[in-house]
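Novice: Just passing along the structure, written as structure tokens.
The values are calculated or read from the model by the stated rules, or taken from the named source; none is laboratory data. Nothing here was measured: the structure is a model prediction, and the numbers come from that model. Here the Cβ is made from the backbone with ideal geometry for all residues, glycine too, and neighbour counts use every protein chain on show.
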Amino acid sequence: MKAFFIKLGNNEIYKKLMKEPLTYVAGAAILAVLNIAHFAVFSNGWGVTGTFANWGAWLYQLVGGDVSSWVYFAGEKTQKTLAAGFLNDGGSIRNVGIIVGALAATLYASQFKLKKIKNKKQIVAAVLGGLLMGYGARMANGCNIGALFTAISAFSLSGWVFGAFLLVGAYFGSKLLAKYFM
């Protein structure tokens, strides 16, 4: 068995697909094909963060809460999604697939590392950054997938506006990161 994995690791096709990074053109082509396939199958754009709102609602319902009177969850379509449950929600399955796929890609590329937390500022920055990104994604009605990638591929001006402000936010965020946390 060990010989099989050594032989597999030396295979040129395996190295090309699993060890070497994709070119930007290959990555763009794969994303384009996946976006077209997603639209063909589900008849709507590719999104990620809207599903997280459903996850929050399901967790809230697990502890006895009721979200049916909340404006965001009041729509008939959203009520049906919540009633159907986690395993019957395409967005949830897709998001779990993205998480598992990212982990698999990291493991295949031998890039998985557990890093020591340097100080409490690093924890505060990570938590605050994650909360601000999540809040911003909900306020923008999508993340870089739904509000940028899907919008631009649908020829929507909103995608280009989102992209411009994404660059502005990345610029200021990197300046803050360098000033306070490096």
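Novice: Hey, can you tell me all the residues within segment 142-182 that are outside any helix (DSSP H, G or I) and over 14 Å from the mean Cα position of the chain (by Cα)?
Specialist: Scanning segment 142-182 gives 154, 155, 156, 182.
Novice: Taking segment 33-52 as the search range and keeping residues that are over 16 Å from residue 93 (Cβ atoms) and surrounded by 16 or more Cβ atoms within 10 Å (Cβ to Cβ), which one is modelled with the highest pLDDT?
Specialist: 35
Novice: While we're here: Name every residue in segment 12-58 that is touching a helix residue (DSSP H, G or I) at 6+ places or on another chain (Cβ under 9 Å), of a type outside the set (A, V, I, L, M, F, W, C), under 22 Å from residue 141 (Cβ atoms) and not in a helix (DSSP H, G or I), in order of residue number.
Specialist: Of everything in segment 12-58, those that are touching a helix residue (DSSP H, G or I) at 6+ places or on another chain (Cβ under 9 Å), of a type outside the set (A, V, I, L, M, F, W, C), under 22 Å from residue 141 (Cβ atoms) and not in a helix (DSSP H, G or I) turn out to be 44, 45, 47.
Novice: Note down all Cβ pairs under 7 Å where the first residue falls in segment 76-96 and is more than 17 Å from residue 44 (Cα to Cα), the second is hydrophobic (A, V, I, L, M, F, W, C) and at pLDDT below 90, and they're at least six residues apart or on different chains.
Specialist: 79/73; 82/73
Novice: Just to be sure, is residue 118 at pLDDT below 85, in a loop (DSSP other than H, G, I, E, B) and farther than 15 Å from residue 49 by Cβ? Break it down into steps so the answer makes sense when it comes.
Specialist: Values: at pLDDT below 85: yes; in a loop (DSSP other than H, G, I, E, B): yes; farther than 15 Å from residue 49 by Cβ: yes.
In short, yes.
Novice: Please find, within segment 65-103, the residue that is nearest to residue 53 (Cα to Cα) out of those that are among the β-branched types (Val, Ile, Thr) and exposed (fewer than 11 other Cβ atoms within 10 Å of the Cβ). Break it down stepwise before answering.
Specialist: Let us first name the residues in segment 65-103 that are among the β-branched types (Val, Ile, Thr), namely 67, 71, 78, 81, 93, 96, 98-100.
Keeping just the survivors that are exposed (fewer than 11 other Cβ atoms within 10 Å of the Cβ) gives 71, 99-100.
On the way: 71: 12, 99: 17, 100: 20 Å.
So the residue we want is 71.
For (1) out of contact with any helix residue (DSSP H, G or I) (no Cβ under 9 Å at 6 or more places or on another chain); (2) of a type in the set (Phe, Trp, Tyr); (3) outside the structural domain of residue 147 (by TED's automatic domain parsing), each residue gets a yes or a no:
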residue: 60; (1), (2), (3): yes, yes, yes
residue: 70; (1), (2), (3): no, yes, yes
residue: 83; (1), (2), (3): yes, no, yes
residue: 97; (1), (2), (3): yes, no, yes
residue: 121; (1), (2), (3): no, no, no
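Novice: Would a scan of segment 111-120 turn up a residue that is under 30 Å from residue 9 (Cβ atoms) and touching a Ser or Thr at 6+ places or on another chain (Cβ under 6 Å)? Show your work before the answer.
Specialist: First, the residues of segment 111-120 that are under 30 Å from residue 9 (Cβ atoms): 111-116.
Narrowing further to those that are touching a Ser or Thr at 6+ places or on another chain (Cβ under 6 Å): 112.
The answer is yes, given that some residue of segment 111-120 is under 30 Å from residue 9 (Cβ atoms) and touching a Ser or Thr at 6+ places or on another chain (Cβ under 6 Å).
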